[in-house]
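K.L.:
Can you keep this structure in mind? I'll have questions shortly.
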Amino acid sequence: MTNTPLVRTVAALAAVVPLSGCAAGFQHLEVGTAPPGDSYPLVLRFADAALLPVGGEVRIGQAVVGRVASMRVEDYTAVVEVRIRSDIALPEATGARIELTTPIGDAFVNLRVPPGDEGATLAPGATVDLSQTDRGPDIAQLLALVGNLLNGGGLGQIQSIVAESNAILGGREDAIGDLGRRVDGLLGTLEDRSSSIDTAIDSLADLSRQIGSETGTIDAALRAAAPAVDVLVGERARMLELTRTVHTLSVEVEEVLRRSGTQMSDVVAQLSPILDQIAATGPTLADTMGKVAVARDLVLRAAPGDYMNIDQVVEVDGTVLGVLSEVIPGAAPPVPPPAPAPHAAAPLPDIRGILQIVEGGLR
């Protein structure tokens with residue numbers, strides 16, 4: 001009986017030593033990867049499946065309909081295999097989204113079933129592609145982005161921009177307001193003429209298309225113009241010399257005009273009455289020239305050789321004094337001035353007497 005305490009001590013030590021070496025906890029307990037009862041597999045592809053645990057819930061709304069069975073990486077995408085209860089039929093258009101139960105809670109897969117879809121359903125082992133999956137907002141990532149923005153972002157630069165803008169615009173409110181009104185007026189004008197602008201743009205587009213269709217012709221013209229350009233380049237020195245000569249000539253002409261400008265003005269003034277008389281004879285000039293042409297033909301017929309017989313009678317009554325005055329100035333006695341008459345164009349001399357003389361010679 002004296003050995004009983006020793007036996008009990010050894011038994012206690014034998015029980016404690018294995019337990020102290022295991023160091024087991026709740027995190028080492030196996031999590032279920034399938035819902036209770038019968039289930040079928042589905043494959044979901046996500047661009048990002050961070051924080052989604054194996055054994056995580058698969059929900060439709062608030063109802064848990066499955067579990068995450070496994071995850072792997074394939075072609076830079078997350079391939080998540082889930083198991084869904086056999087009594088849940090999912091349409092082919094079903095989508096999936098990874099969401100969080102709470103801002104710091106576990107992630108789960110939320111299946112989005114389109115309402116009223118009674119078409120074909122997903123078969124066991126079917127795959128939901130990336131186009132039908134996405135990831136919901138991640139509060140932790142959002143807080144990290146906000147921290148980066150506040151600590152090392154562009155808020156300081158924005159403050160500098162605002163300060164510089166205030167320095168530029170300070171005291172110039174009236175000018176800025178006037179500029180705004182002018183810009184508004186300009187935009188209104190452009191809007192009123194939008195149809196004209198559209199027409200101009202359409203015309204430019206048509207021109208561009210025509211130029212594009214004539215590209216071959218333009219290329220041929222440019223190639224044909226190349227020799228001419230080469231000739232012009234070869235004559236560059238002579239063209240420059242011609243330019244300098246023209247410049248010198250222009251200087252000389254300007255000097256001549258400066259010196260003789262008054263005399264030329266006088267000549268123009270003296271020619272003005274002559275030009276007025278020529279202009280006044282305009283209505284009868286064509287008829288007179290026609291008669292001269294007839295006289296020329298008659299003269300040629302009357303003098304077929306180097307002589308011509310003429311039998312003429314010339315009446316010069318009332319004209320001798322004028323002829324003497326023109327030939328010998330001062331030889332004729334003065335003639336009283338004629339009575340004033342209405343201003344009219346001076347008639348052309350009558351050549352009927354000459355024609356009668358020519359006709360008499362022909363007879």
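The values are calculated or read from the model by the stated rules, or taken from the named source; none is laboratory data. Keep in mind that what you see is a predicted model, and the values were worked out from it rather than measured. Positions of Cβ are generated from backbone atoms using ideal geometry, with glycine treated the same way; all protein chains shown enter the neighbour counts.
K.L.:
Any chance segment 101-116 includes a residue that's in the same structural domain as ASP48 (by TED's automatic domain parsing), free of Cβ contacts under 8 Å to residues at least 24 places away in the same chain and among the polar types (S, T, N, Q)? Give the steps one after another, and end with the answer.
P.N.:
Taking segment 101-116 and keeping what is in the same structural domain as ASP48 (by TED's automatic domain parsing), we get 101-116.
Those left that are additionally free of Cβ contacts under 8 Å to residues at least 24 places away in the same chain: 101-102, 105, 112, 114-116.
From the residues that got through so far, the ones that are among the polar types (S, T, N, Q) too are 101-102.
Among the residues of segment 101-116, at least one is in the same structural domain as ASP48 (by TED's automatic domain parsing), free of Cβ contacts under 8 Å to residues at least 24 places away in the same chain and among the polar types (S, T, N, Q), which makes the answer yes.
K.L.:
Quick one: would you say GLY212 is modelled with pLDDT under 90 and either surrounded by 10 or more Cβ atoms within 10 Å (Cβ to Cβ) or more than 26 Å from the chain's Cα centre (by Cα) (or both)? Talk me through it step by step, then tell me what you get.
P.N.:
Details: modelled with pLDDT under 90: yes; either surrounded by 10 or more Cβ atoms within 10 Å (Cβ to Cβ) or more than 26 Å from the chain's Cα centre (by Cα) (or both): no.
No; evaluated as a whole, the condition is false for this residue.
K.L.:
In segment 59-106, what residues are basic (Lys, Arg) and in contact with a Pro (Cβ under 6 Å, 6 or more places away or on another chain)? Steps first, answer last, please.
P.N.:
Residues of segment 59-106 that are basic (Lys, Arg), as a first pass: 59, 67, 72, 83, 85, 97.
Listed by number, the residues that qualify are ARG67, ARG83, ARG85.
K.L.:
So, restricting to strands (runs of 3 or more DSSP E) that lie completely within segment 41-129, which ones have at least 3 residues that are within 19 Å of ALA140 (Cβ to Cβ) and not polar (S, T, N, Q)?
P.N.:
Working: elements: 57-60, 63-74, 77-85, 95-100, 107-112.
The qualifying strands (runs of 3 or more DSSP E) are 95-100, 107-112.
K.L.:
Determine which member of the set ASP206, ASP134 is touching a strand residue (DSSP E or B) at 6+ places or on another chain (Cβ under 9 Å) and either part of a helix (DSSP H, G or I) or modelled with pLDDT of 90 or more (or both). Break it down stepwise before answering.
P.N.:
Values: ASP206 fails: touching a strand residue (DSSP E or B) at 6+ places or on another chain (Cβ under 9 Å).
Selected residue: ASP134, the only one of ASP206, ASP134 that is touching a strand residue (DSSP E or B) at 6+ places or on another chain (Cβ under 9 Å) and either part of a helix (DSSP H, G or I) or modelled with pLDDT of 90 or more (or both).
K.L.:
Inspect all residues belonging to segment 158-175 and state whether any of them is under 30 Å from GLY95 (Cα atoms) and surrounded by 10 or more Cβ atoms within 10 Å (Cβ to Cβ). Even if it seems obvious, please write down each step before you answer.
P.N.:
In the first step, residues of segment 158-175 are kept if they are under 30 Å from GLY95 (Cα atoms); the result is none.
No - not one qualifying residue is present in segment 158-175.
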